[in-house]
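J.: One structure, pasted below without further comment.
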Amino acid sequence: MDGPQYNIENVQGGQKLVSDSESGSASRAALLRVETHELSGRSYHASCAIPAGTIVMEADTPYSYTIWKPFRNEVCAECWRYDGGRRSFLTRRDDEEVPGEPGEGSGKEARAMNRQDRSGVGAGLWFCDANCQAAWLQREGREPIRLLRLLEEARRQKEVEKDKDGGFRLEHLGQAELSRENIDRAWDMVRQKEGLPKEVRRWRNLQLNHFETDMARYVLIALIHRHREVLVQMESEFRQRVQLGQENTADGTHVAKDISSTAQFGGAGWEDFAALQSNELWHLKTYHELLENQIRAFQALKGRFTSHVRPAASETRTSVTDKRGGAESTKENPESRYHQAMQTGLIDSDDFHDFEKTITIDNVRKAFSVDPGNSFGIWEMPLTEESELMGFAVYPKPSFFNHHCSPNVTKVRKGRSLQFVTTRPIEVGEELCISYGHVEKMSLEERQRELREGWFFECRCSRCVAESVTKGQ
Ligand SMILES: C[S@@+](CC[C@H](N)C(=O)[O-])C[C@H]1O[C@@H](n2cnc3c(N)ncnc32)[C@H](O)[C@@H]1O
C-alpha cells in the first residue's frame, strides 16, 4: 500500500491519526497537502482517507493577535479566559511579581516597575495566575512587555480633534477614490518623511485612538516575532564564527538574552505569515479611513522605537547659566520623557538589538494586509449567538483552510490554541474546508453578500456553484 500507515487513537471528542513512525503535529501534517486552484487559491486536501472526528491540524498559539481594549482587563492574556466581564479571576498584571534577571536586572527592573506604577501605564496584559503569566513570559520573553508599555503611552486618553501632530490624514491624498496607485502614493509620502530625523521625532508624540492602538499592538507583536527570528539567525551565525575561531565569545553580548532558539509561533515563522493572501486593496476600498489608521499606527511605532533619532536638545537638556562666569551650559533634563525612558531601560535596549530596523513600511503594510482575509475572531467560549468578539488572531498554517458553505471541518478553540476537526469521513484528495462565518443556514444570496462584504471574496464553494446553476445564475 502506498503512503504512510496510520493508527487511529481516540481523543476527547474524536479521534486522532498517528502514523507508525511519527507522532503529534508531524503526523497530522502528513494528512494534508496544499493544492492551488485558479479561483480559490491555495487550500488543504486530504492525502489519505480521514475518519470523522479527526484532529487534522492544531496551532498552539497565533503568530500575532490583539484583544480589543474594552476586553483587555477582562481576558487572560495567556489562556484568553473571559468570565462575562468579571475581573476577580485575574490576579497578575504584566511582569509584576516576577523577579528580574539574576545578578543584573532586578534593581533596574524594580526601578522601571516603580516608574510604571507611578505613571500608571501598563502593557495591558492581565493573567489568571502565576502559571498563565509564566507561560506567556516563557514563550514571548520580557522585552515585549516593555515595548507594549511604550506603545500604550501613545494611546490617546480622550478623543481630541486631530491636530497638526505630523500624523497622516486621508486628506493628504487630495481625493477620496482609493486605488492601488493612491495607496502606494500615500505610503510613499510617509517613506519620504521616514528619512528625516526631525519628522520621525514628531511621530514619537503622535497620539493614537483606541482602534489604532489596538491595531498597532497586533503589528508590534508580529514585528517582535519577526525580529526574534533575526536575532536567532544572528545568534546561530555568531556561534558558527566562534566555532571557526573567527569570533571571541566575549563579543557575543549583542544577541538578545531572553530569546529561545526558535522563533516559530503556532508552527509558523514570518515567511509563513508574510506569504498569506493580501486583501489590502479590497479592504481599504471598502473602509477608506483604515488607510489613515494604518499609516498613523506605523508612524507611532516608528517614532517610539527609533532609538537613533535623538530628541532635540531642548527636549532633553536645560540651559544653565554659570553664576560665577556667566557662561551658559546645558544639563540633562530629568523630566524629559526620553530621559526617563532611557533610565527605565524602555528604549534603546541592547536586549532587543536594532528592533527599529524591523519596523519598515513593507513589514507593517504586510501585517495589515493579511489581517482582513486571514484572521480568526477570538470569540468568548463556549460559542453561542450571544458570544462576545474579544479580538482577532492570525494563525498562518490554518489560514490555508478555504471556506465552504457546508464545511467538513470545524474549528475548536482551546485557550489560545486552535484545533481543526473533521465533521464527517473525508475521501482521499477531497478539499478540507471550514466555515468563515455563520452562513450555513442562509440563502445563496445572503451567504454571497455576507462573504463578499465581510471576507472580501465571491464564494465559489461546490454548494454555491450547484445552487447558482439550479437558479440559472
Ligand atoms: C484564509 S484565505 C484561504 C487561503 C487562500 N486560498 C490562499 O491562497 O491564501 C481566504 C481567501 O481564500 C479564498 N477563498 C476561500 N474560500 C473560498 C471560496 N469558497 N471561494 C472562493 N475563494 C475562496 C478567498 O480569496 C479568500 O479571501
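Here, each number is a calculation from the coordinates, and none is a lab measurement. This one's a predicted model, so the numbers in the text were calculated from it and none came from an experiment. Cβ sites come from the backbone with ideal geometry, for glycine too, and all protein chains shown count toward neighbours.
J.: For the stretch 391-465, compute Rh as the Kirkwood radius over C-alpha pairs and then the Stokes-Einstein diffusion coefficient at 10 °C and 1.306 mPa s; write the answer in µm²/s, rounded to an integer.
T.: Numbers: Rh = 13.4 Å.
Stokes-Einstein gives a translational diffusion coefficient of 119 µm²/s.
J.: Follow-up question, since we're still on this one. Can you sort T306, T384, T213 from fewest to most other Cβ atoms within 10 Å of each residue's own Cβ?
T.: Ordered by Cβ neighbours within 10 Å, fewest first: T384, T306, T213.
J.: In what order do S88, S387, S43 fall by count of nearby beta-carbon atoms within 10 Å, going from fewest to most?
T.: Sorted ascending by nearby Cβ count, the order is S88, S387, S43.
J.: Next question. Which pairs break 26 Å Cα to Cα here: K193/K366; K198/K285; K302/K414; K397/K471; K357/K411; K366/K397?
T.: K198/K285; K302/K414; K397/K471; K357/K411
J.: On to the next question. Which order do R42, R146, R365, R169 fall in if you start with the one that has the fewest other Cβ atoms within 10 Å?
T.: Going from sparsest to densest Cβ surroundings: R169, R42, R365, R146.
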